[in-house]
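**Q** Okay, here's the structure, questions in a sec.
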Amino acid sequence: MDFSTVELSPEDQRFRAELRDFLTRHVTAEVIRRDRETGDNFDEGVHTALGAAGYLEKDFRSEAEGGWNALRRRIWELEIGRAHTPWFHWGTTAMVAQSVEKFGTPELRDEVIPGVLTGEIRLCLGYTEPEGGSDVATCRTRAVREADGSSWIINGAKMFTSNAHHAQYVFLLTNTDPAAPKHQSLTMFLVPLDTPGIEIGPIRTVDGDRTNIVYYSDVRVDDHYRIGEVNGGWTVLREALNVEHGTVERDSQGLQKLATMTEHALLTAEGLDWAVAVAASPGPDGRRLLDDESVQYRLGRSVARLEAALSTPAEYGRVAIAQMMRDITPELMDVLGAASALPVDTTGAAADGAVEYLFRLASPVAIYGGTVEVFRNMIAQHALGLGKPSYGTPVKR
């Protein structure tokens, strides 16, 4: 493996400088403050500005289609993260739009894709159900086709539909044949969220993010919005899940981010840097925490765990990042003491509240995009060749 530094050409340096300037002008302190308060991970002004500047289309398209090459895309991903851009809504939108391009009708593509690329249309996910857990194929949200075949009536509910309140469409998983095996009973729709019968309710997570529960009550959807074949939804969904899980094929140049949730690991790296800076600064009594050998050991171990997680690829990295955050954030809080429990913008907060936020973020990171337990099962079955897990009650002998 080649760990050498990539040399940027003058053109790539100009691209990076232009992108940094753009983000400095648009991702202001006010934008970041507002995003922290709302928990939306989205800012419409920033998003539409990125679209108007052509950045969204360049990121969405492959190099062969006029998008960025691997190096430009890596620069883009790094600078977006370093600027703390409210950003996670775009990844979902782009993922769903790829499915629309591949499985949607030409008419639906024309309706949706141009607005996606300008930033005016956003898309969200309707997979998980209130009692469904991580096995999205156990779908109870029903879609019943009307007699003339032109439309469907949908009833049900979905949990964790993040950014539904900023989206125009939801990529909705439905059950269209309850009598069939669960992977042969599913049909996908791209449902306009302004359709009568849809109710969006907010849910706050422990890390301060906002997600939503969405209710569908006799929602009438034209067949025009069906994605893929009737009862063929698993084929459509599986590709989107592979992208969300980070199990897609990697580029050959080694510039693509190694694993999903890498952005959260980079936030953890920033927080760890803050913690080390606090530990290296003299306290009121003139002593430094870093002069204590046990503190040196614990911070060093945290750095090692972080580096190992950042170097772990694909689904392995997904697990490593989540576990690393769970392991080192309480360690950092313990090292910094009571002041580390104070949040951002609170007088006296250690590390400006960064560690407190990361401690709260660590738990949901182990759930977002599929729980780490699901990923561990994937690794056990598909990488290690172990048997399929059994969740049934143990048989008494």
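The values are calculated or read from the model by the stated rules, or taken from the named source; none is laboratory data. Small disclaimer: the values here were computed from a predicted structure and weren't measured. Here the Cβ positions follow ideal geometry from the backbone for every residue, glycine too, while neighbour counts run over all protein chains shown. Areas reflect the complete protein model, heavy atoms only, side chains present, ligands, DNA and RNA absent. Shrake-Rupley method; radii C 1.70, N 1.55, O 1.52, S 1.80 Å.
**Q** Among R288, R360, R220, which one moves the most in a GNM of the chain with springs linking Cα atoms closer than 10 Å?
**A** R288
**Q** Could you tell me what percent of the accessible area of the stretch 96-240 is made up of carbon and sulfur, with a 1.4 Å probe and every protein chain present?
**A** Accessible surface attributable to carbon and sulfur in the stretch 96-240 totals 50 percent.
**Q** Could you tell me how many degrees, from 0 to 90 and to the nearest 10, lie between the Cα long axis of helix 29-38 and the main elongation axis, the longest principal axis, of the Cα atoms of the chain?
**A** 60 degrees
**Q** Let me ask something else about it. What translational diffusion coefficient, in µm²/s and rounded to a whole number, does the Stokes-Einstein relation yield for the chain at 4 °C and a viscosity of 1.567 mPa s, taking the hydrodynamic radius as the Kirkwood radius over Cα pairs?
**A** 56 µm²/s
**Q** Let me ask you something else. Hey, what's the Cα Rg ratio for the stretch 122-231 versus the globular rule of thumb, 2.2 N^0.38 Å?
**A** Values: Rg = 13.4 Å, N = 110, 2.2 N^0.38 = 13.1 Å.
Dividing the Cα radius of gyration by 2.2 N^0.38 Å gives 1.02.
**Q** Another question, then. Using Cα-only point scatterers and the Debye equation, what is log10 of I(q)/I(0) for the stretch 260-382 at each q in 0.13 Å⁻¹, rounded to two decimals?
**A** Taken in order of the listed q values, log10 I(q)/I(0) reads -0.52.
**Q** Also, quick follow-up: In the chain, if the dipole is taken from +1 on Lys/Arg beta carbons and -1 on Asp/Glu beta carbons about the Cα centre, which of A275, P181, M333 is farthest to the positive end?
**A** P181
**Q** Which percent of the Cα-Cα distances in the stretch 8-85 go past 22 Å?
**A** So the pairs more than 22 Å apart make up 25 percent of the total in the stretch 8-85.
**Q** Moving on. Taking +1 at the Cβ of each Lys and Arg and -1 at the Cβ of each Asp and Glu, which of L56, M159, I200 sits farthest along the dipole of the chain towards its positive end, judged by Cα position relative to the Cα centre?
**A** M159
**Q** A further question follows. Taking the alpha-carbon centroid of each part, what is the distance from the stretch 30-75 to the stretch 259-335 in angstrom?
**A** 28 Å
**Q** Against the longest alpha carbon principal axis of the chain, how many degrees, from 0 to 90 and to the nearest 10, is the axis of helix 106-118 turned?
**A** Long axis of 106-118 versus the principal axis of the chain: about 20 degrees.
**Q** What does the charge count around V372 come to, taking other residues whose C-beta lies under 12 Å from its C-beta (Lys +1, Arg +1, Asp -1, Glu -1)? Before the final figure, lay out the partial values.
**A** Working: positive: R318, R326, R376; negative: E315, E373.
Around V372, the charge tally is +1.
**Q** For the ranges 159-169, 195-205, what's the packing order if you count other beta-carbon atoms within 10 Å of each residue, average per peptide, and put the highest first? Let's see the in-between values first.
**A** Numbers: 159-169: 21.9, 195-205: 13.4.
Per-residue Cβ counts within 10 Å, averaged per peptide and sorted highest first, yield 159-169, 195-205.
**Q** With the chain treated as a Gaussian network of Cα nodes joined by springs under 10 Å, which of D59, D40, D194 yields the largest mean-square fluctuation?
**A** Of D59, D40, D194, the most mobile in the Gaussian network model is D194.
**Q** Please report, largest first and rounded to whole Å, the three semi-axes of the ellipsoid equivalent to the stretch 1-135, where each semi-axis is the square root of five times an eigenvalue of the C-alpha gyration tensor.
**A** Semi-axis lengths for the stretch 1-135 are 26, 21, 17 Å.
**Q** Further, regarding this structure: Set the bar at 22 Å for Cα to Cα. Now go through K58/K158; K58/K257; K182/K388 and name every pair that lies beyond it.
**A** With Cα atoms farther than 22 Å apart: K58/K158.
**Q** Might you tell me the accessible area per residue for the chain, computed with a 1.4 Å probe and given in Å²?
**A** Values: 19870 Å² over 397 residues.
Per-residue accessible area for the chain comes out at 50 Å².
**Q** Another one. For a quick protection proxy, order the peptides 110-123, 25-38 by their average other-Cβ count within 10 Å, most packed first.
**A** Averaged packing, sorted descending, gives the order 110-123, 25-38.
**Q** What value does the stretch 194-243 have for Rg/Rh, both radii from Cα atoms and Rh as Kirkwood defines it?
**A** Details: Rg = 14.9 Å, Rh = 13.7 Å.
The Rg/Rh ratio comes out at 1.08.
**Q** Rank by packing, highest mean first: peptides 290-298, 49-57, with packing defined as the count of other Cβ atoms within 10 Å averaged across residues.
**A** On the way: 290-298: 12.8, 49-57: 18.0.
Final packing ranking: 49-57, 290-298.
**Q** Could I ask something else about it? Just A259, A322, A275 to compare: in a GNM of the chain, with alpha carbon springs under 10 Å, which one fluctuates most?
**A** A275
**Q** Another question, if that's okay. Angle, helix 293-310 long axis vs. longest principal axis of the chain, Cα atoms, 0 to 90°, nearest 10?
**A** It works out to around 30 degrees.
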